[in-house]
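The values are calculated or read from the model by the stated rules, or taken from the named source; none is laboratory data. This is a predicted model, so every value here is computed, not measured. For neighbour counting, all protein chains shown are included, and Cβ atoms are generated from backbone atoms with ideal geometry for every residue, glycine included.
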Amino acid sequence: MTRVVDRLQPGRTVFSVEFFPPRNDDEEQILWKAVRELEPLDPAYVSVTYGAGGSSRDRTIRTVGRIAQETTMLPMAHLTGVDHSKDELRHVVGSLASEGIQNVLAIRGDPPGDPMGEWIPHPDGILYADELVRLIRSWGDFSVGVAAFPHMHPRSTDIETETDHLVNKIRAGSDFAVAQLFLQPEYFLRLRDRLAARDCHAPLLPGVMPITTPKVLSKFQHLAGVPVPTEVSNVLDPLVEDPKAFRAAGIELSTKLCERLISEGVPGLHFYSLNRAKATREVVDNLGLAEGVLQPA
Ligand SMILES: Cc1cc2nc3c(=O)[nH]c(=O)nc-3n(C[C@H](O)[C@H](O)[C@H](O)COP(=O)(O)OP(=O)(O)OC[C@H]3O[C@@H](n4cnc5c(N)ncnc54)[C@H](O)[C@@H]3O)c2cc1C
């Protein structure tokens, strides 16, 4: 099995890319244009998200399957437990296996519609992501990753307990964790320190979304659950009426964030591509990441 962690090279920083499953033919074409443009850069792996409540079940399976069969890239499927019984989860995992998928990001997920709405587990389903990790590992020869939150998960009230839960789901059988978005590297580095203090050294990959438009920036706020930091808004707010200048400054900020993370020895950078290649390519090119960047000794 080729595991995502096997693609992380000691002493080097590589990169990976996240896509979402297309909802129609137009989106399918857009996605595949991005896939083809990113493929020559040889990302360590690419992942495809899973819609809340299984809304994208078949599209996620089809997309990762197609990536496995028609490209040279290593695909990873996201899977969430929302509104799924364990039998349904097992069925999805079986379908992934028959598409040749061996890497899965195990996520509990949010209630469809309102992410902060009451979480009601399926009566025959899972309660937290650690259970999903154990189930996937018990159902076959899979490598499993989990989600991590530098700014703390919006449902958590205490960062230390949340870190204990993260360690728990890593020790349930995960090989690595992928972090939610952040713009201040300190939050990511503190999370890494808290894991190390608990003797948990599984690779932690920062999530990066290159900033290209005000809309992307507001998506950051929505996903990270925190306001845009002043040092970023001071640069970008004056440029909102000038799309070209905004984009150039956003790419520069994103590149600088990645440079700092590389200097801190992260094994990989996980780019949220929004199914477009251009911005990810620019940052990857700026950093020389296609070849893998040497980390400081
Ligand atoms: C990298 C990444 C990829 C994502 N991909 C998707 C996707 O494809 N589709 C999608 O719908 N959503 C996705 N999400 C969003 C995700 O569904 C939400 O953030 C969700 O609320 C949390 O899922 P989780 O797996 O982290 O949950 P969990 O790890 O189960 O945590 C949920 C909450 O419960 C707490 N907790 C965990 N374990 C325990 C325990 N044993 N006892 C008590 N409390 C506990 C945690 O601290 C946290 O507050 C992604 C998020 C990230 C960071």
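A few points about this structure:
- Condition met for residue 109 (under 30 Å from residue 256 (Cβ atoms) and under 15 Å from the mean Cα position of the chain (by Cα)): no
- Residue check, residue 230 among the polar types (S, T, N, Q), modelled with pLDDT of 95 or more and out of contact with any Phe, Trp or Tyr (no Cβ under 9 Å at 6 or more places or on another chain): yes
- Residue check for residue 225: within 13 Å of the ligand (Cβ to nearest atom), surrounded by 15 or more Cβ atoms within 10 Å (Cβ to Cβ), over 30 Å from residue 3 (Cα atoms) and not charged (D, E, K, R): yes
- Residue within region 99-109 that is surrounded by fewer than 17 Cβ atoms within 10 Å (Cβ to Cβ), in contact with a helix residue (DSSP H, G or I) (Cβ under 6 Å, 6 or more places away or on another chain) and under 17 Å from residue 59 (Cα atoms) present: yes
Every residue, every condition in (1) surrounded by fewer than 22 Cβ atoms within 10 Å (Cβ to Cβ); (2) touching a residue at least 12 places away in the same chain (Cβ under 8 Å); (3) small (Gly, Ala, Ser), yes or no:
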residue: 46; (1), (2), (3): no, yes, no
residue: 58; (1), (2), (3): yes, no, no
residue: 62; (1), (2), (3): yes, yes, no
residue: 81; (1), (2), (3): no, yes, yes
residue: 91; (1), (2), (3): yes, no, no
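- Whichever residue in region 168-198 is over 24 Å from residue 222 (Cα atoms) and aliphatic (A, V, I, L, M) and, among such residues, is farthest from the ligand (Cβ to nearest atom): 196
- Within region 119-133, the set of residues being part of a helix (DSSP H, G or I) and either of a type outside the set (D, E, K, R) or surrounded by fewer than 17 Cβ atoms within 10 Å (Cβ to Cβ) (or both) comprises 129, 132, 133.
- Just one of the listed residues (163, 157) is within 10 Å of the ligand (Cβ to nearest atom), surrounded by 15 or more Cβ atoms within 10 Å (Cβ to Cβ), of a type in the set (S, T, N, Q) and more than 23 Å from residue 13 (Cα to Cα), namely 163.
- Residue in region 89-96 that is away from the ligand (no atom under 15 Å from the Cβ) and of a type outside the set (Gly, Ala, Ser) present: yes
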